[in-house]
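A.B. asks: Quick one: the structure is below, questions incoming.
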Amino acid sequence: MTAVIALGPKAKGVIKTFCKETGLKAPKDIPLPKGDRVLFWRPHDGKKPFTVKAIEPDQSLKRHSRKYAEGELDEASSFYFTGQKKAMNLRAHNLIIFAQMAEGIDDKTWEYHLRAGDYSKWFRHQIRDKELARETAEAENDKRLSPEESRKLVIDAVRRRYTAPATAPEK
């Protein structure tokens, strides 16, 4: 074991327990990590533990966005185009399917969900994208937009954030 990482209010205890279990002498003056910091210690380098900022890796964010764009959300997390009278039950289990269905759904059904704030709620709570939800809520709240205009704004936002091809860096 070359390093110990501990987090939360019991981080000091983790270091002490590690030392007890491995027969090492526990360091003195162990700091308590706060917020997004974690306690880091290399027991064999002769230095005391210190805190470092934990940063979420980019690949997990990309994996999750791919899941929402292409994967299959469970039934409870999917979006359902139902219409006002619940005459339909069209399930969009990811963002690509959502955009395709949104393009083909009738204006009354589109507007029903738009005015109810259903799109931004789904983006915020199931897709967990606050920025997409915010952008969509602007379209939902703008009564001047036609169904065609609001649909274009929402679909463009989804595609821009999740399904647009990666572009090569400019030289």
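A.B. asks: Mind checking the alpha-carbon convex hull of the chain and giving the volume per residue in Å³? Don't skip to the answer; put the middle values down first.
C.D. replies: Values: hull volume 33.5 nm³, N = 171.
Spelled out: Cα convex hull of the chain, divided by residues, is 196 Å³.
A.B. asks: What Kirkwood Rh does the range 4-53 have if only Cα atoms enter the pairwise 1/r average? Answer in Å.
C.D. replies: After inverting the pairwise mean of 1/r, the radius is 10.7 Å.
A.B. asks: Another one. Please turn the phi angles of the range 27-35 into ³J(HN,Hα) values with the Karplus equation 6.51 cos²θ - 1.76 cosθ + 1.60 (θ = phi - 60°), one per residue in order, whole Hz, x for glycine and proline.
C.D. replies: 3J(HN,Hα) across the range 27-35, in whole Hz: x, 9, 6, 7, x, 9, x, 10, x.
A.B. asks: Hey, another quick one. Name the residue, out of Arg115, Arg144, Arg160, whose mean-square fluctuation peaks in a Gaussian network model built on the chain with Cα pairs under 10 Å.
C.D. replies: Greatest mean-square fluctuation among the candidates belongs to Arg144.
A.B. asks: Take the residue pairs Lys12/Lys130; Lys16/Lys47; Lys121/Lys143; Lys10/Lys130; Lys20/Lys47; Lys86/Lys130 and return only those whose Cα atoms are more than 25 Å apart.
C.D. replies: On the way: Lys12/Lys130 35 Å; Lys16/Lys47 15 Å; Lys121/Lys143 18 Å; Lys10/Lys130 32 Å; Lys20/Lys47 18 Å; Lys86/Lys130 27 Å.
Checking Cα-Cα distances, Lys12/Lys130; Lys10/Lys130; Lys86/Lys130 exceed 25 Å.
A.B. asks: Helix-only mean residue ellipticity at 222 nm, the chain, DSSP H runs n ≥ 4 weighted -39,500 (n - 2.57), per residue, nearest 500. What is it?
C.D. replies: Values: 7 runs with 76 residues, N = 171.
My calculation for the chain gives -13500 deg cm²/dmol from helical runs alone.
A.B. asks: Another question, if that's okay. Go ahead and collect, in residue order, the members of the range 1-38 whose backbone nitrogen is under 16 Å from a label point 7 Å along the Cα-Cβ direction of His44.
C.D. replies: 1-5, 19, 22-25
A.B. asks: Obtain the nm distance between the two label points defined at Lys143 and Asp74 by a simple spin-label model: each point lies 7 Å from its Cα along the Cα-to-C-beta direction.
C.D. replies: 4.0
A.B. asks: Give the aspartates and glutamates reachable from Lys108 as a straight Cα distance under 13 Å; neighbours fewer than 8 places away on the same chain don't count.
C.D. replies: Glu148
A.B. asks: How high is the FRET efficiency between Ala54 and Arg134 when r is their beta carbon distance and R₀ equals 25 Å, given to the nearest 0.05?
C.D. replies: Details: r = 26 Å, r/R0 = 1.04.
About 0.45, to the nearest 0.05.
Where a number appears in this text, it was derived from the coordinates with a stated rule and is not lab data. Just so we're clear, the structure is a prediction, and the values are computed from it rather than from any experiment. Cβ sites come from the backbone with ideal geometry, for glycine too, and all protein chains shown count toward neighbours.
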